[in-house]
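Every number here is computed from the coordinates shown, using simple stated rules; none is lab data. Source: prediction; values computed, not measured. Don't worry about glycine lacking a Cβ; one is built from the backbone with ideal geometry, like all the others, and counts go over all protein chains shown.
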Amino acid sequence: MNDEKTKPSLDARRTFLSKLGLAATCTGAVVGLGAAGALKTAIAKSESSSSGGQAKPGAAADRKSFPTPDYDWNKHEWAFGVDATKCIGCLRCVEACKRENDVPANAHQFRTWVERYVYLADDKHVHIDSQHDPVNIEASGSEKTFRFANRYKDKKVDKAFFVPKLCNHCTHPSCVQVCPTGATYRTEDGVVLVDETYCIGCRYCVQACPYGARFFNEETGVADKCTWCYHRITKGLQPACVEVCPVGARIFGNTKDKQSPVSLFIRNSRVQVLKPESGNAPNVFYVGIDKEVN
C-alpha cells in the first residue's frame, strides 16, 4: 500500500465513490451510523488521509501520538467558548480565518462568521444581520475585508450584541451520520473533520447541519467548514480566530485539563449551547445570548 504506483488516483477514487453514493441513493439505501462507520473504517485501514498524511481514527488507534510526534489525542478533548458580552463585532476573527485556512476570498463563504442582534425601541422584532448582508458588503468596499455598516445610527437602540458562530463540532454530529463515503468523521479528541480525498461533493452534510456551518467550496469541489484550526491546536497553538480576538470573546482549550481556559469558562459561567433539541450535543458553549439566537 506504500508503493505510489499501486494507489489509485484521486480522480479515480472520487469517480468510484461517486458511483457508490449514487447507487445507494438509487436503491433507496439509508446511510446511517453503521454504514458510514463501516466504510470509514475500511478507508482508514487502506491508507491515510491525503492532507498531511493524517490517518483517520480507525487507522490511528494503535498510535500513541497523532498527528504530530508530540501530540497524543487520547489526552485531549477540545471545546470552544464564546462570550457574547465581550464581542465588539470587529470581524478580525473572520478575516484571520480566511487567511489561515485558504477560505475562498469572497463575501459569501465562511468557516466562521459574526451575527449582529439589534433590538429597537419602536420595533418588537429583533433585527439580525451578519458580514455577508448586502448592506455590510457594500460598507466594507471589498470582498476580502469585512465590517458592519452603521445602519442604526438614526434609530433608538434598546439593546444590541454580536454573536460569533462556527462549526459546533458536535458529539453526535448529524453530518457524520449522513455522509455516504465516510469523508466526514469525528476524531478521538472531539474534532469533526472532512477528508477531501473521499468527499464526492454530494452536499448531504451541508443540508444535515442544523447550524448552517458547512458550505460547498466551489474551488476545491468538496464540503468545507471550521476545523478549529486542527493543524494549529495539535501543535500547541490556538485557533487563528481565538488568537486575533482583541477582547477575549473566543475561548478554546482542552476540557481534560480542568484548569484550561475553556474548562474554567464552562465551569464558572452559565453557559448554553445552540439548538440542544437537535440531539447533536454541540461543543461550542455560549454566554450572553438571547433566545432569538439559534
Determine the relative contact order of segment 101-154: mean sequence separation of Cα pairs under 8 Å and six or more apart, normalised by residue count, in whole percent. 27
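Can you tell me how much longer the chain between HIS132 and LYS275 gets when fully stretched, taken as 0.36 nm per residue apart minus their C-alpha distance, in nm with one decimal? Kindly include the intermediate steps, with their values, before the conclusion.
On the way: separation 143, 0.36 × 143 = 51.48 nm, distance 2.25 nm.
In short, 49.2 nm is gained.
Determine the relative contact order of segment 124-236: mean sequence separation of Cα pairs under 8 Å and six or more apart, normalised by residue count, in whole percent. Show your work: numbers first, answer last.
On the way: 121 pairs, mean separation 19.3, N = 113.
Relative contact order for segment 124-236 comes out at 17 percent.
Could you sort out which of LYS86/LYS153; LYS156/LYS275; LYS144/LYS256; LYS98/LYS291; LYS124/LYS144 sit more than 27 Å apart by Cα distance in this structure? If you can, show how the numbers build up before the last one.
Working: LYS86/LYS153 21 Å; LYS156/LYS275 30 Å; LYS144/LYS256 37 Å; LYS98/LYS291 29 Å; LYS124/LYS144 34 Å.
Table pairs above 27 Å Cα-Cα are LYS156/LYS275; LYS144/LYS256; LYS98/LYS291; LYS124/LYS144.
Can you give the relative contact order of segment 188-278 as a percent, counting alpha carbon pairs under 8 Å and 6+ residues apart? Each step should come with its number before you reach the end.
On the way: 75 pairs, mean separation 15.0, N = 91.
Relative contact order for segment 188-278 comes out at 16 percent.
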Packing-ranked peptide list from 262-272, 87-97, highest mean Cβ count within 10 angstrom first, is 87-97, 262-272
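Checking the a/c ratio against 1.5 first, then a/b against b/c, what shape does the Cα gyration tensor give for segment 108-184?
Details: a/c = 3.69, a/b = 1.82, b/c = 2.03.
Note, shape of segment 108-184 comes out oblate.
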Can you tell me the order of 177-189, 105-117 when each peptide is scored by its average per-residue count of other Cβ atoms within 10 angstrom, highest first? 177-189, 105-117
